[in-house]
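One structure is given below, encoded as C-alpha cells.
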Amino acid sequence: MISSTIREQFPILNQDINGHPLVYLDNAATSQKPRQVIEAVKSYYEWDNANVHRGVHTLGSRATDAYEGAREKLARFINARSTKEIIFTRGTTTALNMVASSYGAANVGEGDEIVLTLMEHHSNLIPWQQLAKRTGATLKYIPLQQDGNITLADAEATITDRTKIVAIAYVSNVMGVTHPVKELAEIAHRHGAVIVVDGAQSTPHMKVDVQDLDCDFYTLSGHKMCAPTGIGALYGKKALLEAMEPVEFGGEMIDDVGLYESTWKELPWKFEGGTPIIAGAVGLGAAVDFLQEIGMEAIHQHEKQLAAYAEQRLAEIDGLNVFGPRGRGVGVVTFNLGDVHPHDVATVLDAQGIAIRAGHHCCQPLMRWLQVSSTARASFYLYNTEQDVDRLVSALIKTKEYFADELG
Amino acid sequence: MNLDDLYRRVIMDHYKNPRNRGSFEDDALKIELNNPTCGDRITLQLKVEDGIVKDARYSGEGCSISMSSASMMTEAVKGKTVAQSLELANRFSDLMKGETVDFEDYEDIEALSGVNKFPARIKCATLAWNALRKGIDEEQQHQ
C-alpha cells in the first residue's frame, strides 16, 4: 500500500475537526490538494500570470506555455493521440453538456435512441434527457443486476441500430461498480453509435487509456484528482471533434471574424471561447505529475485494498447494509446504518472528526431503484489508511449506540 | 461540539413517535417540498377554515431533525390563526439564526434551538416550516 507519509503532502489533512484528527472520506465528492498543486497555482499567479495565445510579451508566452504544457500532460495521462483531442472545460458536467448540445444536436433525431444506465450521475443523465426532449429521441436504460452491475447481454439487448449515443460512467459514484466500457464501446460501434464515458470517478483512481477503451468521448474533473475546482476536460476523437460546431462563441476561438460570417480556430481551441481557466489547467498539470509520480496502478491497488478492508470491517456492524458488489474494484463504499438516517450518521461522524457524504449523491433514479431516499458514502483516496477505516468503524458503532439510546 | 445539543430527547421522541403523520383522504390543501441537496421530502396538508388552521398532517422522508420538526410544527399550528402560524414560522426562523426566542405556548420547538450550532442541518429543520409558509401563501392566493 502507499505509505501513510503521503499525508504530509496534503496540508489540510493535518488538523483537528471537532477535537479529533480529521479523517477525510468524501473523496468521490472532491479530493484534497497536495502542496505541489497549491504551489504550482500560487507560483503561476506570482510569476507567470498573463492571458494566453495573444500577448507578444514574455509573461504571455510563459502563461501560454504553462497552459499548453498542462494539455500535453493530460493528453499523455489518458493516452490521447494528440493534444488536439483535449479540450479544457469547467469539469465533467460542462464536458458532457458540450457533447450533448453539439454532437447530440447534430446527430440525434426523432426516433433515435440514447442508451444510459439508471445509476448515472445527474450530470450524465439530464443533458441526454434534454437532448431527447428537443429532438424526439428515446432514452433507454440498460437494466441493473441486484449488485448494481450490468451484463453485456443486457447491453446487447438494449443497444440497437437506432442507438446514436451510449453514455455511461466508467466508475459509479455510488455503487462502487466499474463498467465494462471497452466491451460497451465495441457493441456501440457495431451499431454505428458513439460511446460517451463519464470519467469523473475513474480518472483520479486508475490508469485510463482512451485509445485502448476506444471510447469516442471521455470526460473528467480536475478537482476529484488533486487539482483545483473549475477545471476539467473533454477528450474526443479528432474526426468527431472536427465535425462538431463550437458551443461557445467569442474571443480565443476564432480564426477570422467578418460582419456576417466568421470562421473558427483549429482544434482544440475552437471549443475554448473566452479567456480559459489558465491557473486551473496549471494546477491540473501539476496534479497529473503528482499522481504519475505515485503511479496510477499503485493508487488503484491501494484503494482496492482499502475497500476490501472496509467491506470486511463494516460487515462486523450489525444492521449495517453495504450497497453494491462485494470485492469492489474501487474505493467507494455506500451504506446505511439500520434505521439511522444518513444525515444523522454524517452529523455524528462529523462530531468525531470523520467526513463522509450523506444524501442522494446526485443519483435520484438510483436511490429510487435501491428503494432508499438517501445513503451514507465513504470514499477513499491515496492518502487514506486502514486506520481511517478503523476510525470510521468505531465511530459508526458509537453512532449506532448513540441512536439506540436516543431511540430506545 | 456536543451532539446532545442537537439530538435532545424531545426531538428523538417526536422522531420516534411522530404526531400528525399521515394524510387526509379529502382534497385538503397539499404542499410538496423537497430539499434537493439531500433528498429529504415532505408532503404537508393543511385544513384552513375561516382563517384558522383546523388540522395539519404530514408525510415524507428525512432525517430525525426534519421529521421531528414537521411533527412539532403541525402540533404547534393546529388551532392557530393563519396570522399566528406565520408569526410562529418567523419566530422559528429567528431561532435558527441563533436568536433567543420564547415558544411559551409550544416549548418542544425550543429543543430545536441547538440546530443553529450545526449549520449543515438548519435546512433540515426549516423544511416543514417552509412548506407551511408555502401552504399559507397558496391558501391566501385562492381567496
Revision key, fill the gap. Taking first residues from region A:144-173 that are farther than 30 Å from A:GLU303 by Cβ and second residues anywhere that are in a loop (DSSP other than H, G, I, E, B) and among the acidic types (Asp, Glu), the pairs with Cβ under 6 Å that are 6 or more apart or on different chains are A:ARG162/A:ASP112; A:LYS164/A:ASP112
Practice item. Would you confirm whether any residue within region A:337-347 is away from chain B (no Cβ under 11 Å), of a type outside the set (A, V, I, L, M) and not in a strand (DSSP E or B)? Key: yes
Check your understanding: Cβ-Cβ below 8 Å, separation at least six or inter-chain, first residue in region A:1-13 and touching a residue at least 40 places away in the same chain (Cβ under 8 Å), second assigned to a loop (DSSP other than H, G, I, E, B) and loosely packed, with under 13 Cβ neighbours inside 10 Å: which pairs?
Key -> A:ARG7/A:ASN14
Point to revise | Filter result (out of contact with any Ser or Thr (no Cβ under 7 Å at 6 or more places or on another chain), part of a loop (DSSP other than H, G, I, E, B) and in contact (Cβ under 8 Å) with a residue 60 or more places away in the chain) within region A:177-195 | key: A:VAL177, A:HIS179
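Each row is one residue, and each column tells you yes or no for (1) crowded, with 21+ Cβ neighbours inside 10 Å; (2) modelled with pLDDT under 95; (3) within 13 Å of A:ASN107 (Cα to Cα); (4) over 23 Å from the mean Cα position of the chain (by Cα).
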{"site": "A:LEU131", "(1), (2), (3), (4)": "yes, no, yes, no"}
{"site": "A:GLY136", "(1), (2), (3), (4)": "no, no, yes, yes"}
{"site": "A:TYR141", "(1), (2), (3), (4)": "no, no, no, no"}
{"site": "A:ASP147", "(1), (2), (3), (4)": "no, yes, no, no"}
{"site": "A:ILE159", "(1), (2), (3), (4)": "yes, no, no, yes"}
{"site": "A:ARG162", "(1), (2), (3), (4)": "no, no, yes, yes"}
{"site": "A:ILE165", "(1), (2), (3), (4)": "yes, no, yes, no"}
{"site": "A:ILE168", "(1), (2), (3), (4)": "yes, no, no, no"}
Practice item. Scan region A:351-366 for residues that are surrounded by fewer than 20 Cβ atoms within 10 Å (Cβ to Cβ) and at the interface with chain B (Cβ under 9 Å from one of its Cβ atoms) and report the count. Key: 1
**Study point:** Members of region A:317-336 that are in contact (Cβ under 8 Å) with a residue 40 or more places away in the chain and not in a loop (DSSP other than H, G, I, E, B)
**Key:** A:LEU320, A:VAL332, A:VAL333, A:THR334, A:PHE335, A:ASN336
Practice item. Please work out if B:THR100 is at pLDDT 95 or above, surrounded by fewer than 17 Cβ atoms within 10 Å (Cβ to Cβ) and more than 14 Å from chain A (Cβ to nearest Cβ). Key: no
Exercise for review: With the condition kept exactly as written, say whether any residue in region A:320-330 is closer than 25 Å to A:ILE12 by Cβ and of a type outside the set (Ser, Thr, Tyr).
Suggested key: yes
Exercise for review: From A:GLY273, A:GLY283, grab the single residue that is in contact with a Pro (Cβ under 9 Å, 6 or more places away or on another chain), outside any helix (DSSP H, G or I) and either farther than 19 Å from A:LEU74 by Cβ or touching a residue at least 12 places away in the same chain (Cβ under 8 Å) (or both).
Suggested key: A:GLY273
Study note, to complete from the structure: Going through region A:245-268 in order, the residues found to be closer than 20 Å to A:VAL210 by Cβ and either of a type in the set (Val, Ile, Thr) or surrounded by 21 or more Cβ atoms within 10 Å (Cβ to Cβ) (or both) are A:PRO268
Review point. Is it true that some residue in region A:373-384 is of a type outside the set (S, T, N, Q), within 23 Å of the chain's Cα centre (by Cα), within 13 Å of chain B (Cβ to nearest Cβ) and within 30 Å of A:GLN36 (Cβ to Cβ)?
Key: yes
Check your understanding: Checking A:ALA80 against (1) surrounded by 23 or more Cβ atoms within 10 Å (Cβ to Cβ); (2) part of a helix (DSSP H, G or I), which single condition isn't satisfied?
Key -> (2)
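Yes/no per residue for (1) surrounded by fewer than 24 Cβ atoms within 10 Å (Cβ to Cβ); (2) within 14 Å of chain A (Cβ to nearest Cβ):
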| residue | (1), (2) |
| --- | --- |
| B:ASP27 | yes, no |
| B:ARG41 | yes, yes |
| B:GLN45 | yes, no |
| B:MET73 | no, no |
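The values are calculated or read from the model by the stated rules, or taken from the named source; none is laboratory data. The model shown is predicted, which means the values in this text are computed figures rather than measured ones. Cβ: placed from backbone, ideal geometry, glycine included. Neighbour counts: every protein chain shown.
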